[in-house]
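First up is the structure itself, then whatever we jot down about it.
The values are calculated or read from the model by the stated rules, or taken from the named source; none is laboratory data. Everything numeric here is computed off the predicted structure, so don't read it as measured data. Using ideal geometry, Cβ is built from the backbone for each residue, glycine included, and neighbour counts are taken over all protein chains shown. Please note that ligands, DNA and RNA were not included when accessible areas were found on the heavy atoms of the full protein model with its side chains. Shrake-Rupley method; radii C 1.70, N 1.55, O 1.52, S 1.80 Å.
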Amino acid sequence: RTSAGGGWIVVAATLLCALLPSFARAQGFNVVIRGGSEEAVPIAVVPFGWQGSGAPAFDLAGVVSNDLASSGRFAPVATRDMVSRPTQESQVNFQDWRLLRASYLVIGTLAPDTTPDNFTATFQLFDVVQGRSLTSFRLQAARADLRRAAHRIADMVFEELTGFPGVFSTQIAYVSESRNPDGSKVFRLIVS
């Protein structure tokens, strides 16, 4: 979240963007913006607790962490640096996370569901500074949809912390055109 005092930056940037094109044409130079001035917010995404037998079905926390890092707005704490690995709210010691300078904490579990190859994922998001829960949610997914469930969790975390919808579970559709040997066109709709 941006601070109220940062509003002047937006006004200045808007004014600069409005004036630059005409000035740049007159002076013959280009302006390249390489990044924002805000630092990424430290967030800890603890590996989700596996409540089944054998190896975990999927690494939800890894996908959530990568999604949040790719947004540029969050800097996930490395798993090796985590001093504890809570999976339930009662296990959270906010002081541990304050020592790591994490502003937010995500914990969760993944458990087999009652039907084969279906799972239940739960997660909870905490504000470490204030020491309180911000949101929690429970999702059900088939094994083939666990990656999609992780993207959905990242979307919910992103929206809760920024106020903007996340884009991690979105898809892009486009049309591909090719030619057959006889010269006729072939169009394909591709969803990525």
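From the list Asp155, Asp81, the one residue that fits, being open to solvent by 40 Å² or more (accessible area, probe 1.4 Å) and charged (D, E, K, R), is Asp81. Do any helices (runs of 4 or more DSSP H) entirely within the stretch 1-115 hold 3 or more residues that are within 17 Å of Ala150 (Cα to Cα) and at pLDDT 95 or above, and if so, which? Counting at least 3 such residues, we get 60-70. What residue, of Arg152, Arg101, Arg179, Arg147, is in contact with a Lys or Arg (Cβ under 7 Å, 6 or more places away or on another chain) and of a type in the set (Lys, Arg)? Going through Arg152, Arg101, Arg179, Arg147 in turn, the sole match is Arg179. Based on this model, can you work out whether Tyr174 counts as touching a residue at least 12 places away in the same chain (Cβ under 8 Å), in contact with a Leu (Cβ under 7 Å, 6 or more places away or on another chain) and farther than 25 Å from Gly54 by Cβ? So Tyr174 fails the test. Figure legend. Inter-residue proximity from the stretch 71-100: first residues without any contact (Cβ under 8 Å) to a residue 60 or more places away in the chain and under 18 Å from Phe123 (Cα atoms), second residues assigned to a loop (DSSP other than H, G, I, E, B) and open to solvent by 80 Å² or more (accessible area, probe 1.4 Å), beta-carbon distance below 9 Å, spacing 6+ or different chains. Indicated pairs: Val77/Arg101; Thr79/Arg85; Thr87/Gln51; Gln91/Arg85; Asn93/Val83; Phe94/Val129; Phe94/Gln130; Trp97/Val83.
Taken together, the criteria place Asp145 among residues that are outside any loop (DSSP other than H, G, I, E, B) and among the acidic types (Asp, Glu). Restricting the stretch 99-133 to residues that are over 16 Å from the mean Cα position of the chain (by Cα), aliphatic (A, V, I, L, M) and surrounded by 14 or more Cβ atoms within 10 Å (Cβ to Cβ), which is farthest from Val77 (Cα to Cα)? Selected residue: Ala111.
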